[in-house]
Protein chains: 2
Amino acid sequence: MRNILITIEYDGKNYVGWQMQNNGISVEEKVKTAIEKLVKEEVKLYGSGRTDSGVHALGQAASFYTNSNISADKLPYGINSFLPEDIRVIKAEEKEEDFHARYSAKGKEYVYLIYNRSIMNPIYKGRASHVFYKLDLDKMKRASKSLIGIHDFAGFMGSGSDVKSTVREIYDIDITKDNDLIKIKISGSGFLYNMVRIIVASLIDIGRGRFDENRIEEILETKQRSMANVTAPAVGLYLNKVFY
Amino acid sequence: MRNILITIEYDGKNYVGWQMQNNGISVEEKVKTAIEKLVKEEVKLYGSGRTDSGVHALGQAASFYTNSNISADKLPYGINSFLPEDIRVIKAEEKEEDFHARYSAKGKEYVYLIYNRSIMNPIYKGRASHVFYKLDLDKMKRASKSLIGIHDFAGFMGSGSDVKSTVREIYDIDITKDNDLIKIKISGSGFLYNMVRIIVASLIDIGRGRFDENRIEEILETKQRSMANVTAPAVGLYLNKVFY
């Protein structure tokens, strides 16, 4: 059987997240059904990992085995013909038999968009999170440096998660601003539940002066979730890339 | 009475355009009603000009006279409290008595966004026009230069318009690309009905090789609307700025 890796973009607004759930429609379900309609057989779809309700993707990845002989360059168009317009498969590649979208992943990159102006820009509604406090980008950049490297990120993990280890490696964090739009790009070996959104919320509180610049270091040292800020809204978060 | 100039951003999706019409809800109507609710008196709202159904704005301008003593820096927040989230007043300024948003305007700047990839990006749906043909940006840039200056733009005017003169001045055209997103910025003394969208459609046809590079010059010379392409979709167009 062929093993196919697909890259998927979606606007998360109308979905309960990537993973199938009982409380609403998931992206996974939409993609799985579309593939099955095209290849006319049942498939198991292995996603690179979950994205939460409302989170967007510009580079979600998923793999599946199929007997279909539709060529890889035609697969995206075929699958898309059975998908709603807010989900698009943009690429399909042949992979070796033991490749698995989740277990073969070496890391991920997320982007978080903040529209930072006293009044929200309606064009970015649904695409960026609105922060009306003026944020000090230099403070946020300096504070973010402490996150890079291998750390125990227990203080940045949302509740309700059950993982063996809370140690992860952050490869890089890049904070840039284009007019009123702040872009936080963060890449790492893997991320705990809500980790990116809790990091972003804490950086926002540093940027507006509610937390000191050394707060990130304190959260890493104490591992206390209560030291971090609440979780930043899903609307600004994008799964940008999965590294293989 | 005070004369107030406001700057307005909107997502045009849900509106029949700026100007009040019988066939649906206009942005003008929403803004006028919101101002009246705030200042508790009837106002006449003078827009800088129309935008078509579905066209967005990042810098629409409108002026009105009022007896209200709400300070200019508080007016946007007050008006916004009576507006839907897809329309925002982002600025208010005091102007001299004879200022008029339309007659005092010295020019306008529009931006047109094209998402140029075989498969549309769902994140840009409703914010950019999708062109799946690969566009040659260099050809488009070279061809666009012929538009700069004072010309008779009769060949780039949509039907159903009744103007005395079809001569306008284009100050500048700037075409840039960021990944798959092409941005065409065009500024001028004024624009005829559908002029920006017809120019963009013709540039797209040059970029995909359907028209020769000299087609723009030919349309300017012959003044024949039939020489230009159809009108590019409203979804990619933004009124970016009004110059005073």
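The values are calculated or read from the model by the stated rules, or taken from the named source; none is laboratory data. Values in this document were obtained by computation on a predicted structure and should not be read as measured data. All Cβ positions, even for glycine, are placed from backbone atoms using ideal geometry, and neighbour counts span all protein chains on display. Note: areas computed on protein heavy atoms with side chains; ligands, DNA, RNA excluded. Shrake-Rupley method; radii C 1.70, N 1.55, O 1.52, S 1.80 Å.
Could you tell me the total accessible area buried at the B-A interface, probe 1.4 Å, in square angstrom to the nearest hundred? Intermediate results must be reported in sequence, preceding the final value.
Details: alone 12260 and 12290 Å², together 22670 Å².
Summing both sides, the interface buries roughly 1900 Å².
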Applying the Karplus parametrisation 6.51 cos²θ - 1.76 cosθ + 1.60 with θ = phi - 60° to the phi angles of the stretch A:47-63, what ³J(HN,Hα) value in whole Hz is obtained for each residue in order, glycine and proline being reported as x? x, 5, x, 6, 10, 6, 3, x, 6, 8, 9, 10, x, 5, 10, 8, 10
Test item: Cα-centred dipole of the stretch A:53-169, Lys/Arg +1 and Asp/Glu -1 on Cβ, debye: 700
In sequence order, calculated HN-Hα J values of the stretch B:100-116 (Karplus, 6.51, -1.76, 1.60; Hz; x Gly/Pro): 9, 3, 8, 6, 8, 5, 9, x, 9, 10, 10, 10, 10, 9, 10, 8, 10
If you line up the long axis of helix B:195-207 against the longest principal axis of chain B, both from Cα atoms, how many degrees apart are they, to the nearest 10? 30
Quick one: with label points 7 Å out along Cα→Cβ, list the inter-copy distances for A:S226 in nm, shortest first? 7.9
Separation of the stretch A:38-72 and the stretch B:94-164 by C-alpha centroid, Å? 38
Accessible area of B:H100, 1.4 Å probe, to the nearest 10 Å²? 40
Over what distance in Å are the Cα centres of the stretch A:192-244 and the stretch B:172-199 separated? 39
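What number, in percent, do you get for the relative contact order of chain B if the mean sequence gap of Cα pairs under 8 Å and at least 6 apart is divided by its residue count? Spell out each step's value before the answer.
On the way: 547 pairs, mean separation 58.1, N = 244.
Reported as a whole number, the value is 24 percent.
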Grab the beta carbon distance between A:N69 and A:S159, set R0 = 56 Å, and tell me the FRET efficiency rounded to 0.05. 0.75
Expressed in nanometres to one decimal, the distance between label points 7 Å along Cα→Cβ at A:H100 and B:F99 is 6.6
As a check on your reading of the symmetry: which chain B residue has its Cβ nearest the axis that brings B onto A, and how far is it in Å? B:R127, 4
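So how do A:Y10, B:Y124 rank on accessible area, 1.4 Å probe, biggest first, that is with the largest at the start?
Numbers: A:Y10 0, B:Y124 75 Å².
Descending order: B:Y124, A:Y10.
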Say a label goes 7 Å from Cα toward Cβ at B:P84 in every copy; what distances in nm does this one have to the rest, shortest first? 1.9
Considering the options A:S118, B:G160, A:T166, tell which one lies farthest towards the positive end of the dipole of the protein assembly as shown, charges being +1 on Lys and Arg and -1 on Asp and Glu at the Cβ, about the Cα centre. B:G160
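So with the 1.4 Å probe, I'd like the accessible area per residue for the protein assembly as shown, rounded to whole Å².
46
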Separation between the A:L137 and B:R2 pseudo-spin-labels, each 7 Å from Cα along Cα→Cβ, expressed in nm? 3.3
If one compares the long axis through the Cα atoms of helix A:27-39 with the longest principal axis of the Cα atoms of chain A, the angle in degrees, nearest 10, works out at 20
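Loop only by DSSP, 13 or fewer other Cβ within 10 Å of the Cβ. Give me the GluC sites (Glu not before Pro) in the stretch B:76-157 that pass, ordered by residue number. Don't skip to the end; give the middle numbers.
Details: sites: B:E85, B:E93, B:E94, B:E96, B:E97, B:E109; in loops: B:E85, B:E96, B:E97.
Here the sparse-neighbourhood loop sites are B:E85, B:E96, B:E97.
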Under the definition of partner shielding as Cβ atoms of other protein chains within 10 Å of a residue Cβ, what is the mean value for peptide A:76-82? 1
Descending accessible area (1.4 Å probe), largest on the left, turns B:K108, A:K37 into A:K37, B:K108
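Tell me the relative contact order for the stretch A:55-169 as a rounded percent, counting alpha carbon contacts under 8 Å between residues six or more apart. Before the final figure, lay out the partial values.
Values: 71 pairs, mean separation 16.7, N = 115.
The value is 15 percent.
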Output wanted: per-residue J couplings in Hz (rounded whole) for the stretch A:178-192, from phi through Karplus 6.51 cos²θ - 1.76 cosθ + 1.60, θ = phi - 60°, x for Gly and Pro. 10, 6, 9, 9, 9, 10, 10, 9, 9, 10, x, 5, x, 9, 6
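How much of the DSSP beta bridge set in the protein assembly as shown is antiparallel, as a percent to the nearest 5?
Within the protein assembly as shown, antiparallel bridges account for around 90 percent of the total.
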Check which residues have an amide H placed less than 5 Å from A:V167's amide H, if you skip close sequence neighbours. A:F153
With the label 7 angstrom out along Cα to Cβ, how close does A:G158 come to the same site in each of the other copies, in nm, nearest first? 4.3
Can you tell me which of B:S129, B:S226, B:S202 moves the most in a GNM of chain B? Springs connect C-alpha atoms under 10 Å apart. B:S226
Leaving ligands, DNA and RNA out of it, report the carbon-plus-sulfur percent of the accessible area of the protein assembly as shown at a 1.4 Å probe. 46
